[in-house]
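As C-alpha cells, the structure follows; a few thoughts come after it.
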Amino acid sequence: MDRPHSHTYFKKAQALMPGGVNSPVRAFKAVGDEPIVVTRAKGDRLYDADGNSYIDYCMSWGPMILGHGPIKVLNEIRKAVRGGTSFGTLCPNEVVLAGLITAAYPSVERVRMVSSGTEATMSAVRLARAYTKRDKIVKFEGGYHGHADQFLIKAGSGLTTLGTPSSPGVPEAFAATTLTIPYNNIEAAKQLIARQGNEIAALIVEPVAGNIGTVTPQDGFLETLRELTANSGIVLIFDEVITGFRLSLSGAQGYYKIQPDMTTLGKIIGGGLPVGAYGGRKDIMELVSPEGPVYQAGTLSGNPVAMAAGIATLREIQSKPLFYKDLEKKTQHLVYGLNDAARLAGKHITINTIASLLTPFFTDKLVRDLASAMTSDTKQYARFFHLMFEKGVYLPPSQFEAHFISQAHTARDIDRTIRHAYDAFKKL
Ligand code: HOZ
C-alpha cells in the first residue's frame, strides 16, 4: 500500500518528537516499517492520511468500547463544549461520573478523578504508602501500570516490546522499593508476603494482565492475593485501567467477584478523552487532600468535557442489558475464526481471550505469565501484523498488547479479518 502523505507526516514528526510519536508503541518499532498516521476514525474503522481504511483492533488501546465516534457521545461532547471547556472548579459532570463509577464498583466508596491511568496508579500507590506507613510495593513481571518511576521495573507494554523492561532514570533506591514476582504464581506471592509482608504497602495487579498480551488469572490466583494482602495489612490495588467497564460494568472485580481495597480506572471512563480515576475504601480515600494530608491535584482533573464523554459512554453501556454478552459473542466469532484459519493453514498459535479482549501468540505453549508470553515468535507476529495491515486490518503494533473488540465491529468486518488472517497464516 502506498502511503506518501503518511510518510511525509512521519518524517516531519521524527524531526520534532522523540521517535516521531507521543507514546512509544505507536512508532511500530516492534513490527518495523513506518507508523500509521490517522486523520479520522468512525465505527470499527481508521482512515489514514492517504485515505486508506483499516478495520481497527487496537481501538485507541482500549477506550473506544462503543467504536469510534459514537453519535451519542459526540453529541454530549458538543453540548459540554458549548458550556466551556475547563473551569478549574467543581462542576456537575464530575459529580455525575463519580456517582456512576461508585454505583458500578461497590469497593469504590470514594473516587478522585485524574487525567490518565498513570496518574491514577501513582496516586493510588502514594496513598497506600501513607495509609500503611510502609514503603515497598509489589507488582507482577510484565505488569504495566503507567510510566511513574516505581512501575518501570520489569514492566510490560512498550517496555517489553522494546526489550527494555526497566527504564534508566529511575533511581536505584527507588527501584529497590518495588518487588516483582511472576504473574499467576501463587507460591511466589505466598513466599514473598511471608518474608516481607510487614514492609509492603501495596500489591498492585492487573486482574487480567493486558500488557504482555492478554493473560487471564488462573483459578484461585486473585482470591489468594485478596486473602494474603488482607492478612498482612497490604492494600490490594486492582489496576482496572484496561478491564474497568470492559470485562463487565463492574470490571474484573465484578467478573471475578473480588473486592480490592483500591481500584484504578482510565480509558473507557473517559469515552475517548483523557480521564483516569482512583478510588476505594473510604477509610483510605479520606487521607487524600484536602480531607487528609496526602497531596494530589490536577488543573484538568474532572474536566467538564471529558466527564461528559465518560458519562455518555457509561450510560450507553448501561442502557443495553446485553452489551457485554454481545461484545463477547463478537469476540468469540473472531477467536474461533482465527483459530480455524490458523489450523487450516497449518500454523500453531495460542489465542488468549476473555470478554472483548484477545491476543494471538505465535507459540504452542500455554501463555500464563511474562516468561511464557515471551515464547511467542515476535518476528512472526510482526510479519502477521504487516500482512494484515496491507489488507486493511490494523492490529496492535506489538505482540505484547491486547486486541480490543468494540460494539461497532461488524460481523462482516470480522469475517473479512478471518479471511485475511487465513491468507496471512499461509504465508508465514
Ligand atoms: N499504554 C498503552 C499500551 N498498553 C499505549 C498507549 C499509546 O501508545 O497510545
What number of residues within the stretch 64-112 satisfy the criterion of being of a type in the set (Ser, Thr, Tyr), under 30 Å from Asp283 (Cα atoms) and loosely packed, with under 15 Cβ neighbours inside 10 Å?
-> 1
Phe151 versus (1) under 25 Å from Gln407 (Cβ atoms); (2) touching a helix residue (DSSP H, G or I) at 6+ places or on another chain (Cβ under 8 Å); (3) within 16 Å of the ligand (Cβ to nearest atom): which is the lone unmet condition?
-> (1)
Applying the selection to the stretch 14-44, what residues are more than 16 Å from the ligand (Cβ to nearest atom) and in contact (Cβ under 8 Å) with a residue 24 or more places away in the chain?
-> Gly32, Asp33, Lys42, Gly43, Asp44
Name the single residue, out of those in the stretch 133-170 being β-branched (Val, Ile, Thr) and touching a residue at least 60 places away in the same chain (Cβ under 8 Å), that is nearest to Phe28 (Cα to Cα).
-> Thr161
Residues of the stretch 63-94 being under 23 Å from Lys325 (Cβ atoms) and out of contact with any Leu (no Cβ under 9 Å at 6 or more places or on another chain), which ones?
-> Met64, Leu66, Gly67, Pro70, Ile71
With respect to Leu74, is the statement that it is within 30 Å of Ile311 (Cα to Cα) and either within 13 Å of the ligand (Cβ to nearest atom) or assigned to a strand (DSSP E or B) (or both) true?
-> no
Among Met262, Met307, which is the only one that is touching a strand residue (DSSP E or B) at 6+ places or on another chain (Cβ under 9 Å), of a type outside the set (Phe, Trp, Tyr), crowded, with 18+ Cβ neighbours inside 10 Å and over 29 Å from Ala408 (Cβ atoms)?
-> Met262
From the list Lys329, Lys347, which residue is in contact with a Phe, Trp or Tyr (Cβ under 6 Å, 6 or more places away or on another chain) and surrounded by fewer than 23 Cβ atoms within 10 Å (Cβ to Cβ)?
-> Lys347
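Residue by residue, here is whether (1) over 23 Å from the mean Cα position of the chain (by Cα); (2) at pLDDT 95 or above holds:
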| position | (1), (2) |
| --- | --- |
| Lys12 | yes, yes |
| Ala27 | no, no |
| Ala30 | no, no |
| Lys42 | no, yes |
| Ala49 | yes, yes |
| Lys79 | yes, yes |
Enumerate the pairs (first residue in the stretch 171-182 and closer than 18 Å to Lys133 by Cβ; second residue anywhere and part of a loop (DSSP other than H, G, I, E, B)) with beta-carbon separation below 7 Å, excluding pairs fewer than 6 apart on the same chain, so at least 6 apart or on different chains.
-> Thr177/Asp135; Thr178/Ile153
Residue satisfying all of: in the stretch 376-423; more than 26 Å from Ala155 (Cβ to Cβ) and among the small types (Gly, Ala, Ser); surrounded by the fewest Cβ atoms within 10 Å (Cβ to Cβ) among these = Ala411
First in the stretch 183-200 and on the phi > 0 side of the Ramachandran plot, second anywhere and open to solvent by less than 40 Å² (accessible area, probe 1.4 Å) and part of a loop (DSSP other than H, G, I, E, B), Cβ under 8 Å, 6 or more apart = Asn184/Pro217; Asn184/Asp369
Is it true that Arg78 is free of Cβ contacts under 8 Å to residues at least 60 places away in the same chain and of a type in the set (D, E, K, R)?
-> yes
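The values are calculated or read from the model by the stated rules, or taken from the named source; none is laboratory data. None of the values given here were measured: they were computed from a predicted structure. A quick note on method: Cβ atoms are made from the backbone with ideal geometry, for glycine too, and the neighbour counts reach across all protein chains shown. Only protein heavy atoms, including side chains, enter the accessible area calculation; ligands, DNA and RNA are left aside. Shrake-Rupley method; radii C 1.70, N 1.55, O 1.52, S 1.80 Å.
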